[in-house]
Amino acid sequence: MLKREKVIAVLVSVIVASGSVNGVAQTKASKVLRLEAETGQLSGATVMKAGTGFTGTGYVGSFEAPGSSVRFHLTASSGIYEVLVRYRAASEKGFDLVVNGKKTSAKFPASGQGFAGYKAGKVSLRNGDNEIAIERGWGYYEIDALELSPAPAILPLKPLKATLSDAKATPKTRQLMQTLLQNYGKKIFSGQQNVNDVAFIRQVTGVAPAILSCDLMDYSPSRVARGTHSETTTENMISEARSGHLLSVMWHWNAPKDLLDKKYKNARGQEVDARWYRGFYTEATTFDLAKALSDPSSEDYRLILSDIDTIAVELKKLQKAEIPVLWRPLHEAEGTWFWWGAKGAEPFKQLWRLLYRRLTETHQLHNLIWVYTSGGKQDWYPGDNVVDIVGTDAYPTDVTDPLSSIWEELLHQFDGRKMLALTEFGGVPDSARMSEFGVRWAYFASWGGSLGPKKVSQEELKRLYHEKQVVNKPVR
Ligand code: CA
């Protein structure tokens, strides 16, 4: 068993406490604490000195083995702190920050050759001994030091206009936007992908999520041609909406053509399942978006339009039923694992605008609130005039993680411009920690299967769904 060691936190600067009391967010702490990674308690990882630009006497690397971590014990004054991690990573790498047993997942962006600082969000320290650790995540990064600074008071969100990007949005669509906006910063709407999961939540908690999230995937023509039929039809969506759910609709758009439809070994010798029903993945199709968009007279371009027209038929059924939709197409483009992101930011943005024009102008669809899924990179953002809400998709290790670092990053980009939401989430965020850290997602939509017994306990699920800030489906 490893001996618990106290690490001396080096005092690098002193902030003069303001003396004013600004509610719970006001920390009593006044010191910035610095922890050199090489003084931490290591598991798996090792101390290194070969690089340049580190602080202290070295840095820590080799986080690749399962269970690798660097851990510290430090004495602090209770309060909310912001964490800055000095790190180095050749490409984006996930990691977990664990403070007194509470885990938050985040990703280091590529740092280049030198060490860089990453704002890892807010954490809560208590008076006296605290344990703080960085745990492996994806590995393949190096840690130089951690810095904990007392968090400033939580600022109110900048005012947002309720206007939608579509000037012709229907009254019900405007009304939904208004409702979300009135609650933004104060409450969080619950949401869930798949009707079966909604039934599970109802069974465990006695209430149902406000938002039902659905997928138009099986209306993709290249799937229909191979005999799929949607498990949740548009008609089902209409009946769910009439029962009181708000609707979030996404589209795993199977590539219009050029599906590989086979299993194969990639360059690293790993087997890739590229059968037709995985045809929205980059690895399952050779459909080239950049090439298609470069020639509007091409067959590929025509197929893009005809696929959009097919989906428009379904969205029109919802419009006819006077149901507004949180419309979230072309999600996770920045990840490049879907063909619509595979050719980079420019073709993606071009496709987004084409989809926007085709649906709002050609098809006169005015029941859509356009939700963009951001991975944080600003050059992928299609623009304020074609986006209404910005979301993030995340699967943190702690399934109740409020994702404070991602919130801060998106707030920095979009505060005063767009509402922010957890558009896909591998759990249910803890609204108590959201309040504590000033994280104010407009809504969350838990992914299908992410609330099973091994992921969120039934007691926890009940607690989360009955927190006072959570808005559920109205009881009728
Ligand atoms: Ca160091």
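Some values worked out for this structure:
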quantity: Beta bridges by DSSP in the chain, antiparallel share as percent, to the nearest 5; calculated: 65 percent
quantity: Spacing of the two label points (7 Å from each Cα toward its C-beta) at K454 and E299, in nm; calculated: 4.5 nm
quantity: Heavy-atom accessible area order for E361, E283, largest first, 1.4 Å probe; calculated: E361, E283
quantity: Relative contact order (%) - the chain, alpha-carbon pairs under 8 angstrom, separation at least six; calculated: 15 percent
quantity: For the stretch 248-335, average projected area of the Cα convex hull in nm²; calculated: 7.1 nm²
quantity: Set of the stretch 326-343 residues, backbone N closer than 13 Å to the point 7 Å along the Cα-Cβ line of D288; calculated: 343
quantity: Largest to smallest accessible area among S435, S78, S297 [probe 1.4 Å]; calculated: S297, S435, S78
quantity: Rule-of-thumb Rg ratio for the chain [Cα; 2.2 N^0.38 Å; N residues]; calculated: 1.03
quantity: Alpha-carbon centroids, the stretch 30-56 and the stretch 112-180: separation in whole Å; calculated: 25 Å
quantity: Accessible area of the chain belonging to carbon and sulfur atoms, whole % at 1.4 Å probe; calculated: 53 percent
quantity: Fully extended contour minus Cα-Cα distance, from K161 to K103, at 0.36 nm per residue; calculated: 17.4 nm
quantity: Of K187/K462; K172/K320; K168/K320; K161/K377, those spanning more than 19 Å from alpha-carbon to alpha-carbon; calculated: K161/K377
quantity: Listed residues Y372, Y301 arranged by accessible area, highest first, probe 1.4 Å; calculated: Y301, Y372
quantity: Calculated FRET value between M48 and K262, using beta carbons and R₀ = 51 Å, to 0.05; calculated: 0.75
quantity: Cα pair distances in the stretch 166-308, grouped into 5 Å bins until the bin that holds the longest one, percent each; calculated: 2, 8, 13, 14, 14, 14, 13, 11, 7, 3, 1
quantity: Per residue value of the accessible surface for the chain (all protein chains in place, 1.4 Å probe), Å²; calculated: 44 Å²
quantity: Above-threshold pairs, the threshold being 26 Å between Cα atoms, out of K316/K473; K263/K349; K93/K122; calculated: K263/K349
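The values are calculated or read from the model by the stated rules, or taken from the named source; none is laboratory data. Only a predicted model underlies this, so the values are computations on that prediction, with no experimental measurement involved. Cβ sites come from the backbone with ideal geometry, for glycine too, and all protein chains shown count toward neighbours. Ligands, DNA and RNA are excluded from the accessible area calculation, which covers all protein heavy atoms including side chains. Shrake-Rupley method; radii C 1.70, N 1.55, O 1.52, S 1.80 Å.
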